[in-house]
Amino acid sequence: EWVMLVGKPEVEFSPQSVPVTSKHNPEFLVRGDVAAGSSLEFEFATSTAYGTWEDTLVVRVSEGDDATPPRIGYPYFTISRDLLRVAVPTSELLDGSAIDSAWVVVRDAKNEVPITELPLRWDDELWTGDWTGAAGQKLRLQLVAVDQHGNQGAGVLADAHIPPMAPAVSVGPWQAVDLPAGDAFGVLDMHFAPNDPEVLYAARRDGIWRSSDGGVSWSATGMMDYQRPLSVDAHTPWRVYVEPNLVSTDGGMTWNELDIPGDAPSLVALEDVGRHGLIYANSGGKDAELLVSADGGISWQAVGMRGLSEMRVHPQVAGLIYGRRDSSLYYSDNGGSTWEKQRLPRHFRRILPDPWEPDGLYATSGDTLWYSADRDGRWQPLAPQSSERWPFIKIAPSRRRQGLVFAWEGSGLRSELWRSEDSGRHWSVMSSVSYARVDTLIPNPHDADHLYIIDRFFRRSATLWETRDTGETWQTVRIPNASTFIGVIRSDGAGNFFAGSEKWLKAREDADLVDWSPALLASRNAGGAWEWITRIGFFKSSWSNYRNDSIEALAVNSAHIIAHTGQGYVRSDDGGQTWERFDPPGDRGSAGSYAVIAVDPHDPSVWWRILRGVWRSTDGGTTWEERGPIEGLYDGRGRSTVRWFTGEEAGARGLILDPSREGHVAVAAGGTVWNSTDAGQTWRPLTVLKTEGLMVEALAVHPEFFPRWYAATQAGVYVSNDAGRSWLKTLVLSEGPEYSDNRSFLQGRRLRIRFAPQDPNRVFVTDGLKLFESRDGGQRWRDIGQSLEGYPWFNDVAIHPAIPEWVYAATPRGLFRLRSEGIDMAVQGAIAALPAASALLPNYPNPFNSRTILCYRLTHAGAAELVVYDLLGQRVRTIAKGVQPAGEYQIPWDGRDEEGRLVGSGVYLLRLKAGDEVHTGKSVLIR
């Protein structure tokens, strides 16, 4: 209470020098009201592997005026559009007396010329200030403060970048829909802030959560979905990174993408302890180049190292980094400018720097732990004295107590934990949770006795355990905030909504332990009130896959509800009141792969299912028959030839059941669309989309204009006006080859294409990261998900059946509703300018024998009709009729009349009526 610590709390000694000298000296600022002549007593302790020595140290406060400037740290800031917002906690303005004033000097990063001085105001334990600058500027910020005695101090420079303004208009706000309470998720990953013992981050299935009081209370950040490993900045607890390229500077509330060069870049090591903003990234690919940024990710440069399979930054020594490639170890003492090489004696799975020794390294190889105390390539085994082999040993050295190391069997198959007090030379078994299966152990960097373990035996029912006495006793920890995860939302068209979710349920009524099981939320009044439908069948969970027990595929019509959970299928014939589980054949592949399921528009007793293969049931799902097979989709051993980036089988994905032609079915496999005209008995390739190497993951047909098809990949949305024969890309979802890794399979990023029931030309597409709406049948799009704050995640979208402007978004944190008015917005699409008049374009081929393509163009959305007449003026066939969006159309005619009969050879007249315009043409049929 009398002094304030400046710098590190530990004193580090260099044992090679004589006499022994300290490398880091702790400094303290004395409170301004401590009288001259006072004495302060410090307790002094030295801890080594051989014991602890304690003493006291008395310091006398000398006479004199306060002439010590404040110690200034890092200005925390966030950027939203052109607004720069600075928030500085008291921990970054250290002074023995009170701070009188503070401001931020804003400079141009290119020439260091000051642009402005931003005054900060005191607001609830924070110094805050806002500045609106020119979009696109790269800035350099410096925090300055003056104490009450007039001493001025300045802090380190921090780089900031105000991105260019996006030409978009907000379409919010979104409102959270009041749902019944969900259950608290378990923790999948957890991190302490290295420089603040009170700040923790936890990753759950519903995103990232933050605690600012040592884990007592938690609040949701803006990240709605946990995707890749997260890391916390070494210098500020509010700067957080999530692989592959996301950064937040305000504790996770808002997120930005770092522009890292390369084909599939990813952050690999973060924040050198010796300098703010120094981070490392991998450019991606097999021969990836190591990149370094000295300004927090704004600019990058190569450091002359390629192909590293692993990289580590020393947690205590500035500029010391390690990398592993094949059987060689590389290390650099200057942040990657120069490298030295060491030949490793064997293949190591993982290397980890010793936080207490600059030259010390731990490594794991099979069931053995290794240690090297120098750079001469000498390694010694340190395996725990176990009666069994540990094929996947993992370790975690303590950053708080020298010599303290923890080890465990990292595959999660055993519950044994080990502890060493002498850097791994001798080991003892720790007390552990009897049925826990340790996936991760997290030591508190500020308290050597405080540990967390993440248990994957019951994936969410007891995932996080805590000990404050180095493993003597353990207790369960739950982040109490509950979310109602919504994986899919569908309407039956009669005012009923069904939302796929999950709940805690017992496998049996007499069971002691609980786990998660699929559950439905139902609304019988068009979204006004919701209720749980929980008992739809218990599915045994798998600790290796945390996404396989919620409903995320759902088919609804007036007679049936069919749901797929990734572990199995259930159906209800009474609106969800009672459920029956069914296990159809053909579900090859791992858990967590979700099916496409649909009810045939021509017969509600006929169900279709896509998962690896194409399956059809004609008795409401009781028995199933595989249709096809699709030529070339499977190899000789029944394995799919279409695979994800990970090597997992993908098979067929999207599904179209043509409402206008019974038995006409289309599916997507890779980038090819396959078509069947006999209910799937035979298949032929219809077209190959130019999808930048990405597979088609969703197909859909326009609810009224049946020749219009939609296809979606991770990169964009494609529209066809001729039933899949030709395609035009109208929406860009993601750019760059980094999306070729098909993260949808790895992270649950599934594409959805939905239509508004009142207006089929209103089309909605979500890829998880974004939510787009089109009001002209898919020609032009606007991003309506951008106004949901933070870093949202969209699992699905639905439209209110009675109020068409209400859009419902299904997210890991429940349902959100937006009133989507028809306002002007920035749009992207394939049509930049339409021709002045509609037209009936030449058909091809002409003359034709069995099939021709009829082409026409509409300049405005509206009623249109294309009809074929004979020379006597008799109507032969109506090719298209109804309200259509503007655009160009290509529709095949197979030379048949309305009854499906072949017409004879001759000249046929074509008549297009678009609004008040009428256009005519001729086509010749030769049999």
Quiz prompt | Karplus 3J(HN,Hα) series, Hz, for the stretch 767-782 with 6.51 cos²θ - 1.76 cosθ + 1.60 (x for Gly, Pro) | solution = 10, x, 6, 9, 10, 10, 10, 10, 10, 10, x, x, 7, 10, 9, 9
Quiz item: Quick one: if you stick a label point 7 Å off each Cα along the C-beta vector at D870 and Q301, how many nm between them?
Solution: 8.1
Quiz item: Gain in length, I803 to D376, computed as 0.36 nm per residue apart minus the alpha-carbon separation, to one decimal in nm?
Solution: 146.4 nm
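Might you report the magnitude of the Cβ-based charge dipole of the stretch 839-925 about its Cα centre, with Lys and Arg at +1 and Asp and Glu at -1, to the nearest 20 debye?
Roughly 120 debye for the stretch 839-925.
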Practice problem: Arrange the peptides 368-376, 894-902, 186-194 so that the one whose residues have, on average, the most other Cβ atoms within 10 Å appears first. | Solution: 186-194, 368-376, 894-902
Quiz item: Using the 10 angstrom Cβ neighbour count as an exposure proxy, how do T236, T128 rank, fewest first?
Solution: T128, T236
Quiz item: Whose amide H sits under 5 Å from the amide H of D159, counting only residues 5 or more places off or on another chain, with H placed in the peptide plane?
Solution: L141
Self-check item: Packing rank of 708-715, 418-425, where each peptide gets the mean count of other beta carbons within 10 Å, highest leading
Solution: 708-715, 418-425
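What does the extension gain come out to for S337 and T68, with contour length at 0.36 nm per residue minus their alpha carbon separation?
93.2 nm
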Practice problem: Please report H426, H149 as a ranked list, fewest other C-beta atoms within 10 angstrom at the top and most at the bottom. | Solution: H426, H149
Exercise. Consider a paramagnetic label point 7 Å from the Cα of V883 along Cα→Cβ; state which residues of the stretch 762-783 have an amide N under 14 Å from it.
Key: 762-763, 775-778
Quiz prompt | Calculated FRET efficiency for the pair D259/N111, C-beta based, R₀ 25 Å, to 0.05 | solution = 0.65
Practice problem: Take peptides 35-43, 310-318, 62-70 and line them up by average Cβ neighbours within 10 Å, highest first, as a rough protection proxy. | Solution: 310-318, 62-70, 35-43
Quiz item: Full extension from D619 to E898: what is 0.36 nm times the residue separation minus their Cα-Cα distance, to one decimal in nm?
Solution: 97.4 nm
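A short reminder: the numbers here are calculations on the coordinates, not readings from a lab. Just so we're clear, the structure is a prediction, and the values are computed from it rather than from any experiment. Cβ coordinates were reconstructed from backbone atoms using ideal geometry, including for glycine residues, and neighbour counts include every protein chain displayed.
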